[in-house]
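First up is the structure itself, then whatever we jot down about it.
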Amino acid sequence: MTEAETTATLGPSLAAVVDRLQSIHAKYNLSAIQRHIDACKAAMEQGDLLSLGIFGRFKAGKSSFLNFISGKRVLPVGVTPVTAVITRLHYGDRDRATVRYRHGSAGAVPLESVKTFMSEAENPGNAKGVASVTVELESLKAYRGLQFVDTPGLESVLRHNTEAALDWLPKVGLAVVAVGVDPPLSKHDIELIRALKTYTPKIVVLLTKADLVSEKERMEVAAFITTELRKEFGCDFRVYPFSVHPAHEALRAAVQRELLNPLLENRDSARADIVRFKFKALIDRTKDYLSLALAAAERAEADRSHLKRQVLGERTSIDAIRMELQALARDSAGRTRPWIMERMEALFPEVSGRVTLEITEKLSGLKGNLWKLSRAYEQWLEESLRREMTAISSREGDLFCVPLERARATLARAVQGFRDRLAGNIERVLGVHFSAGQFDIEVAKPRVPSISKDSLFMFQTDLLWFVIPMRIFRPLVVKHFLGRISWEVTKNQSRLASQWTEAINAAILKMQRDAERSVRDQISTVESLLSRTQSETEEIRTAIAEVEALGAVIHS
């Protein structure tokens, strides 16, 4: 029987396995591993398609790669975050696009208009409530059986983008992580790969924008990525250099030959491996939790309270981890504005000088009365400040978010430490190996802020434009205008810093709450399992045997 036939045959069996495991999870309160259930459900929903999820930081070249695969510019590409929603591309007998909305409805849209749903510029904040966009293209016939999924950039300055990409993680088939040559590998990339390893055994790295470096440098970057990932995960990841630049046809041919063609030839086998991987993870975690329940149930009733104290510690220790997380979040939030303002102050001379030069040149060529001069000056200053502040957000955003990254790492270490201690207690007290699992923590960054300016003149002064002889007072008026620029730059940089600070600290607070919820869920699940009594021993043994039998069905 072929892999395709095996997978098709297992279809009903897989659904039955998920349904049964879902009922076991509900009975024993195994909410801590619900995402594994979600991953298995998603695997079954893919049908015969093998999904290739394209992940990575914004501006990493994901959309450019998929436009190349498609043979046409379907996806928006830009220097600011552009992909606002999950976008699926696969072969269809004619070109068409379907938009699915969060409230459940769906509708066909012209192919040329799909960018208005995907693009952040034309669908800011996903105001249209789009859940996903599916594009079918005749040009993808050579890739029939594959589905390419463009995910929003995980380092986008737009929070909903990050959430959309992370929500799709459990559905991933093969994961392609796009990493630009500069910088070649970030903490985000490593954490992304760590999260992906929970849901797929097949992860490759696409080294994009390879045309920006020489062949020797490209080889050095690829070797660096391979070495760093081997240190982190103890295994090798294939790295495929890629560029859409016309001079790098050889790189594109290598990606086609070494990555895409083997997938097409072994699609059914690859899909079956991914499905088995997701189900194995679910089966193993379920057995871990049930083994804990069994070990607790076999203890004498009189030991129950003592057992909980030994495993979970006193309630004060649980309160202590909550207080620790809150203190870590407060400390991180307190460092945000000073960090941002230090960079803003360093940027001030350059920004102020550039704005002053631009406004000086424009004013020198403008003639007219005070009213005309002031209106033009206001417009030019607003445009210049908006452009400068937007550029700062785009260029310096990663640096501004260093406190957010530090908070993420600090909170993750605290939660992971709690989980590891809990797993150690379980093994020490009950002799049961318990996998604590990795704590996934979401990082969200703020959107580009708006720019404001103060009125330049009082209303009464502005009304006197007709009595002020500009031939005499023009130099003084221009000097007054130029003298205001320094203040306007300072004010707008401070306002921008406040907006970044507010958004970053809100993200830190959200991460703290996520961390606390993770701790509570873990405690709730373990407490429930430790409460199992001797009368339930045989029932739990039966459940474990059933889970093992379900695992055998998956791997038969």
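Near the amide H of Gly180, within less than 5 Å, lie the amide hydrogens of Thr208, all on another chain or at least 5 residues away, with H placed in the peptide plane. The Cα center of segment 322-373 and the Cα center of segment 487-513 differ in position by 12 Å.
Taking 7 Å steps out from each Cα toward its Cβ at Ala327 and Phe224 produces label points 3.8 nm apart. 3J(HN,Hα) along segment 136-141: 10, 9, 5, 5, 9, 4 Hz, from the Karplus curve 6.51 cos²θ - 1.76 cosθ + 1.60 with θ = phi - 60°, whole Hz, x for Gly and Pro. Shape of segment 196-349 from the C-alpha gyration tensor: oblate (a/c of 1.5 or more and a/b not above b/c, with a ≥ b ≥ c the square roots of its eigenvalues). Computed from backbone phi, the HN-Hα couplings of segment 16-32 come to 5, 4, 4, 4, 5, 5, 4, 5, 5, 4, 5, 5, 9, 6, 8, 5, 5 Hz, rounded to whole numbers (Karplus: 6.51 cos²θ - 1.76 cosθ + 1.60, θ = phi - 60°; Gly and Pro given as x). Per-peptide packing, taken as the mean over residues of other Cβ atoms within 10 Å, places 177-189, 236-248 in the sequence 177-189, 236-248 from highest down. If R0 is 25 Å, the Cβ-Cβ spacing of Thr98 and Ala142 corresponds to a FRET efficiency of close to 0.70. Remark on Ala131: its backbone amide H falls under 5 Å from those of Arg100, Tyr101, Arg102, a criterion applied only to residues 5 or more positions apart or on other chains, H modelled at 1.01 Å from N. For Lys479, the aspartates and glutamates whose Cα comes closer than 14 Å to its Cα, not counting residues fewer than 8 places off in the same chain, are Glu361. Taking the average, over residues, of other Cβ atoms within 10 Å as the packing measure, peptides 37-45, 137-145, 291-299 rank 291-299, 37-45, 137-145 from highest down.
Among the listed pairs Lys72/Lys197; Lys62/Lys141; Lys27/Lys287; Lys141/Lys187; Lys27/Lys280; Lys41/Lys308, those with a Cα-Cα distance over 25 Å are Lys72/Lys197; Lys141/Lys187; Lys41/Lys308. With no solvent and one point on each alpha carbon, what is the Debye value of log10 I(q)/I(0) for segment 169-268 at q = 0.20 Å⁻¹? For segment 169-268 at q = 0.20 Å⁻¹, log10 I(q)/I(0) is -1.07. Of the peptides 342-348, 379-385, the ranking by mean beta-carbon count within 10 Å, highest at the top, reads 379-385, 342-348. Listing Thr87, Thr198, Thr360 from fewest to most neighbouring C-beta atoms within 10 Å gives Thr360, Thr198, Thr87.
The Arg194 and Leu476 beta-carbon pair, evaluated with R₀ = 51 Å, returns a calculated FRET efficiency of approximately 0.20.
Values quoted throughout were computed directly from the atomic coordinates according to the rules given, and no laboratory measurement underlies them. Being a predicted model, the structure only gives us computed values, none of them experimental. So basically every Cβ, Gly included, is an ideal-geometry build from the backbone, and we count neighbours across all protein chains shown.
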